[in-house]
Amino acid sequence: MAIPMEFYPAEDDLLYEEELLRNPFSLKLWWRYLVARADAPFRRRFIIYERALRALPGSYKLWHAYLRERLELVRNLPINHSQYETLNNTFERALVTMHKMPRIWIMYLLSLTEQRLITKTRQTFDRALCALPVTQHDRIWEPYLVFVSQKGIPIETSLRVYRRYLKYDPSHIEDFIEFLVNSSLWQEAAERLASVLNDDRFYSIKGKTKHRLWLELCDLLTRHAKDVSGLNVDAIIRGGIRKFTDEVGRLWTSLADYYIRRGLLEKARDIFEEGMTTVVTVRDFSVIFDAYSQFEESMVAHKMETLDLSDGEDEDDEENGFDENEDVRLDVNMSVAKFERRILHGFWLHDDNDVDLRLARLEHLMDRRPELANSVLLRQNPHNVEQWHRRVKLFEGNPTKQILTFTEAVRTVDPMKAVGKPHTLWVAFAKLYESHKDIVNTRVIFDKAVQVNYKTVDNLASVWCEWAEMELRHKNFKVALELMSRATAEPSVEVKRRVAADGNEPVQMKLHKSLRLWAFYVDLEESLGTLESTRAVYERILDLRIATPQMIINYALLLEEHKYFEDAFKIYERGVKIFKYPHVKDIWVTYLSKFVKRYKKTKLERARELFEHAVEMAPADAVKPLYLQYAKLEEDYGLAKRAMKVYDQATKAVPNNEKLSMYEIYIARAAEIFGVPKTREIYEQAIESGLPDKDVKIMCLKYAELEKNLGEIDRARGIYVFASQFADPRSDAEFWNKWHEFEVQHGNEDTFREMLRIKRSVSASYSQTHFILPEYLMQKDQRLSIDDAKDKLKQAGLPEDEMAALERQLAPAADNATAKDGSRKVGFVSAGVESQSNANQEDIELPEESDSEEDEKIEIAQKDVPSAVFGGLARKREEIDKDGVGDDAAAAANKDGESRLGALERIKRQKLG
């Protein structure tokens, strides 16, 4: 055969050919030759590859490069092209020497898989597994499994391959199960999955838990119930129910679904009922109930559809002359189906028209839902009292069911483990009989209820009280008292010894100390018994040391109602000895008020001792009302001086937050009894007693107002000066406004300037940064403020000549005040110290007679002394004026009136007279 010229070496190839002739077994020369001819057509490279491989048949590099180019050549060709056969032959020739190279095998196998040569591919995979060592089989099995998973591969072939693979690596059984499921091989899939679950050493490489595998098995068994046999599905699913408690509802519905698919409908209903009566969570119950209700609804719908078809068959039988009395056994030509239909016709169990029965079953299921849900909650905690009450309420209108439920409840609930109040079950049980007018059984229930060992004494006491109230409702008053007497009786010594020997003391041993029981017993005795029996009960309560302050007060009020006043006061005495503050507060208040109301001033010393003892025992926060009662006693029946002393003690005893209000009361009472001047000492005492700064400021303002009303302008100003240290001008504008108004009404230019200076100094002391202003600015501000004051004086109606006279007379005083500013200290002006200011000197030190004409020109507004200054004297004078004592009294009154006038007015009257 002639070789085409294109295959012969060209002139450029002579260099490589000569080298190869000299050394034909050099891989480097052949590779250099191939690289140099990389752009040449494959035909020429094919000749070079074949020559090189003939010389070097064991070169992996040459074979791999040659096969890759062969694969690239056929990539875009159809699989039935002849080049594929050439490629396969080339692979076969390569494997003669490269049979230990897994990469060559994989390239060949992937090519065969693409060519869809099933038999040849399977045989080649098997040859590869035989040729390669076991350590490299995993590289072959991966494409092998991909190959057998393709469509068109016979199932038997795939199964055999997978089974062989599992012998090599059993951990990939999940892939096999997935393949079986995809291939609809349900039987083997279920068996394999069951074997996996039974293997304790199994570990899922896909991260699936045993729980998830269980659910997959249950779904597989239930969805393909008719295709899977040989497995005990009921036992498998029930085992999952016992083991996996978080999916109980789903597993129960799966088991019921299995029987439904098998056609065992009644068995499915039994499974649904069993599931609803065994689950312990509401979520699982909801899952089962919803599946059950859907099943019943689907059965009714299916039955209604099939009913129409069966009606048509019956009509056909009637048309064919079907006679009910005819003996069908004689008809040998009748089919088996027709024979069965005629034989069972009219039998109630074979009645196809049972739609009403199915509807009634569905309705009954819906009506039972609340009861079934309540049963689930009770299975969670059978000692939940509230759930038992709800269960009884579900059967409202059915007394028999309610009685059975109560009986089961009191038998099930353990009082020591109960959630709620277990005694309410017994009480409600008894009230059920009472509502049906069965008093005998009501008493039987109560008698059993009081013998139960409850967790707390209060539960047992409640049962006794309910029993007694039941007897009261039926007018059995004597029986109710006997019950209370029986309940409060103390156990005997023998009983106590027996209980102590057992070591478990029931609540019945502590019942005689129940406060609730004794309170109810006392109420019964007060309303139904005698005074002696009631007193005996109260005394018994006091002996047991279980009395409350309210009981003490009630006992004393009872004795007081029956005129046993001294006995009532003795009870109060016992009460104040038993209790401490704050519980004894009400007893003291009641005791003291009753004592004062009873004896008034006849036993004044005893009342004082009681008050002294009360205030001595009371804490600071509770002593104020007692001191007020004490002072009221002294005002009404004692001495006013002692009352003032009590108020003084109260101001020292009360806490700081109540001192201001106490001082206000003290001042008000002192002003009413002794007159306004008496209050000066109290004001001074309050200011110096250590009140909080805000309270001191309030007290100073009131004190200054008092002095201003009394005409003591200097004293009022001194109080303002003292109080200014507690008032920040930036936050307490009210104080400075009042002082400002005071200076406008009663001051002059110097006093106003002094106020401004103090205001600036106080503001500077309160501020963290002091700003130093130029002197001319400070003087300018003062001048402007004084001018404003003069404008306000003019607006008040003061004439210009009077203003000028006042300025001329006050000039020396202003000079003296200015000279003393450098050494003057801000301090409190006491009542016993004379003021050094001469601002109002003309009102105080004027001679009795003066011929100065300037004095006559000065007119100062006069103000009468307030009547409150004289206290009780003012009232006496008014009484004398009303009685009309005579001319002497009138003259004396005139003199007294003149004495109230100011100095200037008296001088004017003397000159005019």
With +1 on the Cβ of every Lys and Arg and -1 on the Cβ of every Asp and Glu, the dipole magnitude of segment 589-728 about its Cα centre, in debye rounded to the nearest 20, is 760
Burial-style ranking of 269-280, 23-34, 90-101, average other-beta-carbon count within 10 Å with highest first, yields 269-280, 90-101, 23-34
Computed over the Cα atoms of segment 5-229, the Rg and Dmax in Å are 24.5, 80
Counting all Cα-Cα pairs in segment 521-565, those more than 12 Å apart amount in percent to 60
Applied in sequence order to segment 208-215, the curve 6.51 cos²θ - 1.76 cosθ + 1.60 (Karplus, θ = phi - 60°) yields integer Hz couplings, x standing for Gly and Pro, of 7, 8, 4, 4, 5, 5, 4, 5
Given 625-631, 459-465, the highest-first ranking by average Cβ count within 10 Å works out to 459-465, 625-631
Given 739-745, 117-123, the highest-first ranking by average Cβ count within 10 Å works out to 739-745, 117-123
Expressed in nanometres to one decimal, the distance between label points 7 Å along Cα→Cβ at residue 136 and residue 609 is 12.1
Placing each pseudo-label 7 Å from Cα in the direction of the beta carbon, residue 419 and residue 54 end up separated by a distance in nanometres of 9.4
On the formula 1/(1 + (r/R0)^6), with r taken between the Cβ atoms of residue 476 and residue 278 and R0 of 56 Å, the FRET efficiency rounded to 0.05 is 0.70
For segment 5-229, the dipole about the Cα centre with charges only on Cβ (Lys and Arg +1, Asp and Glu -1), to the nearest 20 debye, works out at 260
Ordered by number, the trypsin sites (Lys or Arg not before Pro) in segment 672-756 that occupy a DSSP loop and have at most 14 other Cβ atoms within 10 Å are 730
Length gained if residue 266 through residue 183 is fully extended, taking 0.36 nm per residue and subtracting the Cα-Cα distance, is 26.6 nm
Expected unfolding gain across residue 356-residue 448 under the 0.36 nm per residue rule, minus the alpha-carbon gap, is 28.4 nm
Note to self: C-alpha centroids of segment 196-256 and segment 132-166 sit apart, in Å, by 28
For residue 384, other-chain or 5+-apart residues with amide H closer than 5 Å (H placed, Pro excluded) are 419
With the label point 7 Å along the Cα-to-beta-carbon line of residue 167 and a cut-off under 19 Å to each amide N, the hits in segment 176-212 are 176-177, 192
Once residue 389 and residue 616 are pulled to full extension, the length gained, defined as 0.36 nm per residue separation minus their Cα-Cα distance, is 76.3 nm
Computed for segment 220-310: size of charge dipole around the Cα centre, +1 on C-beta of each Lys and Arg, -1 on C-beta of each Asp and Glu, debye to nearest 20, value 380
Note on segment 5-229: contact order normalised by length, alpha-carbon pairs under 8 Å, 6 or more apart, percent, works out to 10
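A short reminder: the numbers here are calculations on the coordinates, not readings from a lab. Just so you know, these numbers come straight off a predicted model, no measurement behind them. In this analysis, Cβ positions are derived from the backbone assuming ideal geometry, glycine residues included, and neighbour counts consider all displayed protein chains.
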